[in-house]
Amino acid sequence: MKTRFWLVSIVAGIAVGVAYAQYPILDMVAGRVIQKYQSSSCEQLWERKGAPKSAEEQRVIGLLQNDPQMRTAFLNQVAGPIANKMFECGMIP
């Protein structure tokens, strides 16, 4: 039973690693987004919420809108850290 658990865990870990390795630039962008949220105060996040997007942000958003697999990989990386910060700041219930 323990062997089966470890085998499934190893296969799952490899699958996740392969999925993230597909988009190395995306990994870098996701890391920057996560860092931005984790290092920002709640006040800074509230101020940025309504601010216009930079040209770089618009380009990345366009890429994510046109590639569902890339969007899924990106959201899988950033969703947890962003949601946690937004919850801490009272931006989501």
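Taking θ as phi - 60°, what are the ³J(HN,Hα) couplings along region 86-93 by the Karplus curve (6.51, -1.76, 1.60), each to the nearest whole Hz, with x for Gly and Pro?
Here the 3J(HN,Hα) series is 5, 5, 4, 8, x, 7, 9, x Hz.
List, in order, the whole-Hz ³J(HN,Hα) value for each residue of region 67-75 obtained from phi through the Karplus relation with A = 6.51, B = -1.76, C = 1.60 and θ = phi - 60°; use x for Gly and Pro.
Result, rounded to whole Hz: 10, x, 5, 5, 4, 4, 4, 5, 5.
Quick check for me: using +1 on Lys/Arg Cβ and -1 on Asp/Glu Cβ, what's the dipole size of region 24-88 about its Cα centre, in debye to the nearest 20?
Computed about the Cα centre, the dipole is about 60 debye.
Output the peptides 47-54, 68-75 sorted from most to least packed, where packing is the average of other Cβ atoms within 10 Å over each peptide's residues.
68-75, 47-54
To check my understanding: the extent here is largest minus smallest coordinate of the Cα atoms along each principal axis. What are those three numbers for region 24-88, in Å, largest first?
Taking the Cα atoms of region 24-88, the three principal extents are 32, 24, 16 Å.
Students often forget the sequence filter, so: which aspartates and glutamates lie under 20 Å Cα-Cα from K49 once same-chain residues fewer than 8 apart are removed?
Partners found: E57, E88.
All of the numbers you see were taken from the coordinates with simple rules; none came from a lab. Just so it is clear, the structure is predicted and the values come from calculations on it, not from any experiment. FYI the Cβ positions are ideal-geometry reconstructions off the backbone, even for glycines, and counts take in every protein chain you see.
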